[in-house]
Amino acid sequence: MPSEHSGPERTDDGRYIVVKGRRWRATDPEIPEADAAALRSHLMAARRAVKEAGRAADDAALRRARERVQEAKVALGERGTPWWEQSPAERARRWRDGLARLDRLREG
């Protein structure tokens, strides 16, 4: 029977997704969908920048792109302090501040 939600399998506690038998930290479920979508957009753009910088053998651009990937992953709650160990205020501050920094990097 198909599940009601799409996406990868989750652990019973909802903290991890399982992809090809490997656990990965799940995105913080409290992030409002509009903010989560914006963060995912930043993440995908940063991953494309990593690929482009690697092809160009541009070490400085590669470092900046990897920093953007890290920033997006932390803001999504997928890296850094686990989101389930943070207070609601800390969680909100994490994704709002991360999104603001990523928006500034995109503009700059």
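Please list, ordered by chain and number, the residues whose modelled amide H lies under 5 Å from the amide H of Y16; skip anything fewer than 5 residues away on the same chain.
T11, A26
Just from its helices, what would the mean residue ellipticity at 222 nm be for the chain, if runs of 4 or more DSSP H residues each count -39500 (n - 2.57) and the sum is divided by every residue, rounded to the nearest 500 deg cm²/dmol? Intermediate values should be presented prior to the final figure.
Numbers: 3 runs with 62 residues, N = 108.
Using -39500 (n - 2.57) per qualifying helix, the result is -20000 deg cm²/dmol.
In nm, what is the difference between 0.36 nm times the number of residues separating E67 and W84 and their Cα-Cα distance? Walk me through the numbers on the way to the answer.
Values: separation 17, 0.36 × 17 = 6.12 nm, distance 2.36 nm.
Length difference between fully extended and current span is 3.8 nm.
Please tell me the relative contact order of region 28-107 in percent, rounded to the nearest whole number, where contacts are Cα pairs under 8 Å and at least six residues apart. Present the calculation step by step, with values, prior to reporting the outcome.
Values: 66 pairs, mean separation 27.1, N = 80.
Computed value for region 28-107: 34 percent relative contact order.
When Cα Rg over 2.2 N^0.38 Å is calculated directly from the model, which label among (i) 1.24; (ii) 1.16; (iii) 1.02 fits?
Checked against the structure: label (ii).
Bear in mind these aren't lab numbers, they're just calculated from the coordinates by the rules spelled out. A quick note: this is a predicted structure, and the numbers were derived from the prediction, not measured.
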